[in-house]
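Enquirer: Got a structure here, written out as structure tokens. Questions coming.
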Amino acid sequence: MPNHRLGAVGCALLLAVAGCAPGGPLLAGSPAATPRATVASASPTPARVAPTDLPVSVPASPGATLDVLPDGRTGTALDQPFTYRGLVLINRNHPVSQAYAPEVGEDYRLVPEAERAFGRMLAAAKADGADIIWRVGYRSYENQAELAATPPTHYGDDAEWYVARPGQSEHQAGLAVDVASKAGYGTRFPETKEFAWLRAHAHEYGFILRYPEGKSALTGLNYEPWHYRYVGAAAAAFGPNATLTVEEYLGGR
Ligand SMILES: [Zn+2]
């Protein structure tokens, strides 16, 4: 069943264990992928930092100050995501607890505001001839734990740079979405017009490319062209084709 094999590869590339069904629409016309090679070529080895030792001071960015809260106030302590300046931040330094499970919509599995914004964005993209495929929204703590325990094998030693540990994924907050195109997915998504459309317009709908290329030392994850994060009005500060990270935006949290 070659289609099922290809389906599994596509799902793995998208970190889309939850909600990823073999034989889904992604299969139609999708080019065969060679995940190991494409992952390696698209992601030069990032500077390694220990998982709990991400930098907390980076050069100032729009509106940022560095003399901010000492970080005793974590998200896990509150059973809520860590929020700073009105923006949720989830990363290795700021996990959410197992108890946190937001209400999400039925269509895209995002929190209501993000759900509506994503729907508007998909419609606008379609009107421009870009057919963005939704793959994954909310993922539970348990789903994330399963994914981290058995990451897609093609990531090899880089798995911890593609798969967030449980509590450390924005998918758990219903604020992140993985997308694809029939013309290319995973590390080949940047070759598609859907990716180009998102890079030009996502910020107009409150979404940003969350893990830009070359920023893994700040974000804790490799370049993920398929992963978009809802930040709402803050997206205006990111603008089109942004490479700014949420960590930088918040002054190195
Ligand atoms: Zn994702």
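Just so it is clear, none of the values below were taken in a lab; they were calculated from the coordinates. Note that the structure is a prediction, hence the values are computed from the model and not measured. Neighbour counts run over all protein chains shown; Cβ positions are idealised from the backbone, glycine included.
Enquirer: Please go through region 233-252 and pick out each residue that is touching a residue at least 60 places away in the same chain (Cβ under 8 Å) and touching a helix residue (DSSP H, G or I) at 6+ places or on another chain (Cβ under 6 Å).
Expert: Leu244, Glu247 - these are the residues of region 233-252 that are touching a residue at least 60 places away in the same chain (Cβ under 8 Å) and touching a helix residue (DSSP H, G or I) at 6+ places or on another chain (Cβ under 6 Å).
Enquirer: Residue by residue through region 205-226, note down the ones that are within 17 Å of Ala117 (Cβ to Cβ) and touching a residue at least 60 places away in the same chain (Cβ under 8 Å).
Expert: Of everything in region 205-226, those that are within 17 Å of Ala117 (Cβ to Cβ) and touching a residue at least 60 places away in the same chain (Cβ under 8 Å) turn out to be Tyr205, Gly206, Phe207.
Enquirer: To continue, here is another question. Residues of region 156-196 being assigned to a helix (DSSP H, G or I), within 12 Å of the ligand (Cβ to nearest atom) and among the acidic types (Asp, Glu), which ones?
Expert: Across region 156-196, the qualifying residue is only Glu170.
Enquirer: Still on this structure: Among the residues of region 137-149, are any part of a loop (DSSP other than H, G, I, E, B), at positive phi, touching a residue at least 24 places away in the same chain (Cβ under 8 Å) and not β-branched (Val, Ile, Thr)?
Expert: No, every residue in region 137-149 fails to be part of a loop (DSSP other than H, G, I, E, B), at positive phi, touching a residue at least 24 places away in the same chain (Cβ under 8 Å) and not β-branched (Val, Ile, Thr).
Enquirer: Let me ask another. May I ask you to list the residues in region 145-189 that are over 21 Å from Ala235 (Cα atoms) and of a type in the set (D, E, K, R)?
Expert: Residues satisfying the conditions are Glu146, Asp157, Asp158, Glu160, Arg165, Lys182, Arg188.
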